[in-house]
1. If only one of GLY120, GLY91 is part of a helix (DSSP H, G or I) and either touching a residue at least 24 places away in the same chain (Cβ under 8 Å) or on the phi > 0 side of the Ramachandran plot (or both), which one is it?
2. Can you work out which of the residues in the stretch 14-37 that are assigned to a helix (DSSP H, G or I) and of a type in the set (Val, Ile, Thr) is nearest to ALA64 (Cα to Cα)?
3. Name the single residue that is farthest from PHE11 (Cα to Cα) among those in the stretch 94-106 being open to solvent by 30 Å² or more (accessible area, probe 1.4 Å) and in a helix (DSSP H, G or I).
4. Do the conditions hold for LEU49, that is, is it at negative phi, part of a helix (DSSP H, G or I) and open to solvent by 80 Å² or more (accessible area, probe 1.4 Å)?
5. Just to check your reading of the model, which residue among ALA137, ALA112 is out of contact with any Lys or Arg (no Cβ under 8 Å at 6 or more places or on another chain) and exposed (fewer than 13 other Cβ atoms within 10 Å of the Cβ)?
6. Might you check whether a residue that is charged (D, E, K, R) and without any contact (Cβ under 8 Å) to a residue 12 or more places away in the chain occurs anywhere in the stretch 95-104?
Amino acid sequence: MRILALIERFFVIDLGINFLLGGVLIVFPEAIDGLLVEAPGFSAAIYRLIGAGLLAFGLWQIQAIARGSITAPATLRFGGIMALLPAAALGGLLAFGDLRLTPIGSVAVWAAIVYMVLLGAWYLLAFRESSRRLADAS
């Protein structure tokens, strides 16, 4: 199935997104806060923590590429879970939190949720395909 070949390409694109966004969140937390949230916003430490998480995930992606294990079931399962958990957390914050998002902030947060849910679902579909291939080979 083509899904595994596409995962290899998209994995690298997602790696770039994670490094870019992680770096921006670490270097410019106050600017991001002003763009996304009406005053008073979040602490710069929150944005830096999220940025550090994105960079850590990017480093894990680099390690998976170096090991040649992008399409391994464990890699795909972990990637899927790591995409869906933040999406669930953001969705919970939107539903139950007192977030005072700017219009740009609302669009950005919803776009992030949709992206992470689609990414997580795609990784988990690829996990199923990869697992099936391994089972068929044995």
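1. Working: GLY91 fails: either touching a residue at least 24 places away in the same chain (Cβ under 8 Å) or on the phi > 0 side of the Ramachandran plot (or both).
Of GLY120, GLY91, the one residue that is part of a helix (DSSP H, G or I) and either touching a residue at least 24 places away in the same chain (Cβ under 8 Å) or on the phi > 0 side of the Ramachandran plot (or both) is GLY120.
2. To start, the set of residues in the stretch 14-37 that are assigned to a helix (DSSP H, G or I) comprises 14-27, 29-36.
Among the residues that remain, those that are also of a type in the set (Val, Ile, Thr) are: 17, 24, 26-27, 32.
Details: ILE17: 16, VAL24: 23, ILE26: 24, VAL27: 26, ILE32: 30 Å.
This residue is ILE17.
3. PHE96
4. Values: at negative phi: yes; part of a helix (DSSP H, G or I): yes; open to solvent by 80 Å² or more (accessible area, probe 1.4 Å): yes.
Considered against the rule, which asks whether it is at negative phi, part of a helix (DSSP H, G or I) and open to solvent by 80 Å² or more (accessible area, probe 1.4 Å), LEU49 comes out as yes.
5. Residue meeting the stated conditions: ALA137.
6. First pass over the stretch 95-104, keeping only residues charged (D, E, K, R): 98, 100.
If we keep only those that are without any contact (Cβ under 8 Å) to a residue 12 or more places away in the chain as well, we get 98.
Checking the stretch 95-104: at least one residue is charged (D, E, K, R) and without any contact (Cβ under 8 Å) to a residue 12 or more places away in the chain.
Yes or no, residue by residue, for (1) in a helix (DSSP H, G or I); (2) surrounded by 15 or more Cβ atoms within 10 Å (Cβ to Cβ); (3) modelled with pLDDT under 95:
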residue: ILE7; (1), (2), (3): yes, yes, yes
residue: ALA39; (1), (2), (3): no, no, yes
residue: LEU55; (1), (2), (3): yes, yes, no
residue: LEU59; (1), (2), (3): yes, no, no
residue: SER69; (1), (2), (3): no, no, yes
residue: GLY80; (1), (2), (3): yes, yes, no
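The values are calculated or read from the model by the stated rules, or taken from the named source; none is laboratory data. Only a predicted model underlies this, so the values are computations on that prediction, with no experimental measurement involved. All Cβ positions, even for glycine, are placed from backbone atoms using ideal geometry, and neighbour counts span all protein chains on display. What goes into the accessible areas is simple: the full protein's heavy atoms, side chains included, and nothing from ligands, DNA or RNA. Shrake-Rupley method; radii C 1.70, N 1.55, O 1.52, S 1.80 Å.
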